[in-house]
Amino acid sequence: MLMAGNYAYCIASRTNASRQVVGYSRTADNKCSAFPYSGGQLSYPPTLVGLESLAYAINDQGQIAGTGVRRRQSTMSQENLK
């Protein structure tokens, strides 16, 4: 499987009887995106701005289970820690 973009790694979580795969990839800037992979095609479903997604399972009907989380933005600087 070839990954487009700047990805640090890709994890395949589950496959189903039709050889469809779901999982997630992590980018170099540490963001996660869920993906389905089927028939040689990798796609990234749209997510809301600020959300990261993970796909954990896929059944034989192609329904995907996963989660989306809002990533916290740290507003603390070095000076706040003094």
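With respect to Asn80, is the statement that it is more than 14 Å from the chain's Cα centre (by Cα), open to solvent by less than 100 Å² (accessible area, probe 1.4 Å) and modelled with pLDDT under 80 true? Here the answer is yes, as Asn80 does meet what is asked. Applying the set (1) at pLDDT 85 or above; (2) open to solvent by less than 100 Å² (accessible area, probe 1.4 Å); (3) not hydroxyl-bearing (Ser, Thr, Tyr) to Gln63 leaves exactly one unmet item: (2). Entry remark, region 6-27: residues being at pLDDT 90 or above, polar (S, T, N, Q) and open to solvent by 70 Å² or more (accessible area, probe 1.4 Å) number 2 in total.
The values are calculated or read from the model by the stated rules, or taken from the named source; none is laboratory data. Computed from a predicted model, the values in this text were never measured in an experiment. The protein model used for the area step is the full one, side chains on, heavy atoms only, and it has no ligands, DNA or RNA in it. Shrake-Rupley method; radii C 1.70, N 1.55, O 1.52, S 1.80 Å.
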